[in-house]
Amino acid sequence: MAESKRIGLIGAGLMGHGIGKNLLAKGHKLAVLAHRNRQPIESLMKFGATEANSGREIAAGSDIVFLCVTGSLQVEDAVYRKDGLLEGIHPGLIVADCSTAEPSSTIKIAADVAAKGGRFADTPLTRTPAEAEAGKLGLMTGGDDATLAELRPVLECFAEAIIHAGGIGAGHRLKLINNFIALGTAAVVSEAVTAAAKADVNLQALYDIVVAGGANSVMFQRLMKVPLQDDDSALKFGIATARKDLRYYTNMTEEIFATSFIAETVHQTFVLAENMGYAQRFVPRMVNFMASLNGVDFKKK
């Protein structure tokens, strides 16, 4: 087992709870930041975590701090707010950001952490809350080799696949590209399934032929549970958060002068879904959103 570390966690949500639970199970000490959503905090405290009242307190008492919040807006708030994380940075502290964030923000934060003697790594996640609870997440990492080597035994407590993408910001760039592929697939599948239903194609037949050929994907199988079983539990990832990730991707492509007209279309599809009341629904419900635009009722198929 890796040497026991004092670890701080800011963001004990759907993904963060599993991360914290597995860190405790592997013998690390864990402090979690107080939050209005008490259920995951109190659950982790039952496993042995302690509760801190500020980012400064979390940083001052930790060897490693994990951030697992929605995006760059929330990361920057946790870091820069009064009594926030930056005020507690001490020499040698590692700040690891598991959020899906904008690379330009990541690089800025890393520099500010380094200026106070700390170290930074971007460690965004892939897979779902179920894998987080099971300790089987996938991670993309960005940072210097020495910091990541020190961090790796701790990451292995909750991840089974760890991919080093490059220097600081590279992990977040890779995450945005990965999410664009996944969410772009979700948009295509939603449109195709709706067209199939409107064309009176048997949806089980559609499923069977796709999974037998080159068009098959994990995302296709997850989304098809909605029209076939009215089940969106295979991907507990909100449409509003997905829309945010797509905007981060198009912001990145604009910064590097890369064409992204397909991504802009996918992003606007998710914007429309959010504006039509689907913001808090899980991504598989993009199938229902697309169906609603086309007068399709899967329950009648």
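The values are calculated or read from the model by the stated rules, or taken from the named source; none is laboratory data. Predicted model, so just to flag it, every value in this text is computed and none were measured. Cβ coordinates were reconstructed from backbone atoms using ideal geometry, including for glycine residues, and neighbour counts include every protein chain displayed. Side chains included, ligands, DNA and RNA excluded: accessible areas come from the protein's heavy atoms. Shrake-Rupley method; radii C 1.70, N 1.55, O 1.52, S 1.80 Å.
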**Q.** ³J(HN,Hα) computed for each position of the stretch 102-119 - Karplus, 6.51 cos²θ - 1.76 cosθ + 1.60, integer Hz, glycine/proline x
**A.** 7, x, 5, 5, 4, 5, 5, 5, 4, 5, 5, 5, 5, 5, 9, x, x, 10
Q: Give me the percent of DSSP beta bridges within the chain that run antiparallel, rounded to the nearest 5.
A: 15 percent
Q) Percent of alpha carbon pairs in the stretch 192-259 separated by more than 21 Å? A) 44 percent
Q) Please state the Cα pair-distance histogram of the stretch 54-127 with 10 angstrom bins from zero: what percent is in each bin? A) 23, 60, 17, 1
Q. When only C-alpha pairs under 8 Å and at least 6 residues apart count, what is the relative contact order of the chain, in percent?
A. 14 percent
Q.
Over the chain, with the other protein chains present, what is the accessible area per residue in square angstrom, probe 1.4 angstrom?
A. 46 Å²
Q: When you have a sec, figure out the Kirkwood radius of the stretch 169-292 from all distinct Cα pair distances and drop it here in Å to one decimal?
A: 14.9 Å
Q) Dividing the alpha-carbon radius of gyration of the stretch 84-218 by 2.2 N^0.38 Å (N being the number of residues), what value is obtained? A) 1.38
Q. Using a Förster distance of 30 Å, how high is the FRET efficiency between residue 112 and residue 272, based on the Cβ-Cβ distance and rounded to 0.05?
A. 0.25
Q: Only loop residues by DSSP count here, and only those with at most 11 other Cβ atoms within 10 Å; note down the trypsin sites (Lys or Arg not before Pro) in the stretch 58-144 that meet that.
A: 82
Q) Near the amide H of residue 164, under 5 Å away, which other amide H atoms are found, from residues 5 or more places off or on another chain, if H is placed in the peptide plane? A) 141
(Q) Output the 0 to 90 degree angle, nearest 10, between the alpha-carbon long axis of helix 16-25 and the longest principal axis computed from the alpha carbons of the chain. (A) 50 degrees
Q. If you work out Cα extents along the principal axes in Å from the coordinates, which of (i) 63, 46, 39; (ii) 64, 45, 34; (iii) 49, 41, 38 do you get?
A. (ii)
Q | the stretch 38-127: relative contact order as a whole-number percent, Cα under 8 Å and 6+ apart | A | 28 percent
Q.
I'd like the trypsin sites (Lys or Arg not before Pro) in the stretch 1-54 restricted to DSSP loop residues with at most 11 other Cβ atoms within 10 Å, sorted by number.
A. 36
Q: For the chain, build the charge dipole from Cβ charges (+1 Lys, Arg; -1 Asp, Glu) around the Cα centre, then report which of 161, 220, 292 sits farthest towards its positive end.
A: 292
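Where in the stretch 217-278 are there trypsin sites (Lys or Arg not before Pro) that are in a DSSP coil and have at most 15 other Cβ atoms within 10 angstrom of their Cβ?
236
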Q: Please express the shape of the stretch 1-112 as an equivalent ellipsoid: the semi-axes are the square roots of 5 times the eigenvalues of the C-alpha gyration tensor, given largest first in whole angstrom.
A: 21, 15, 13
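In terms of the ratio Rg/(2.2 N^0.38 Å) built on C-alpha atoms, what value belongs to the stretch 89-131?
1.30
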Q: Could you work out how far helix 170-198 tilts from the main Cα principal axis of the chain, as a 0 to 90 degree angle to the nearest 10?
A: 20 degrees
(Q) Using only Cα atoms and rounding to the nearest 10 degrees, what angle (0 to 90) does helix 145-155 make with the longest principal axis of the chain? (A) 70 degrees
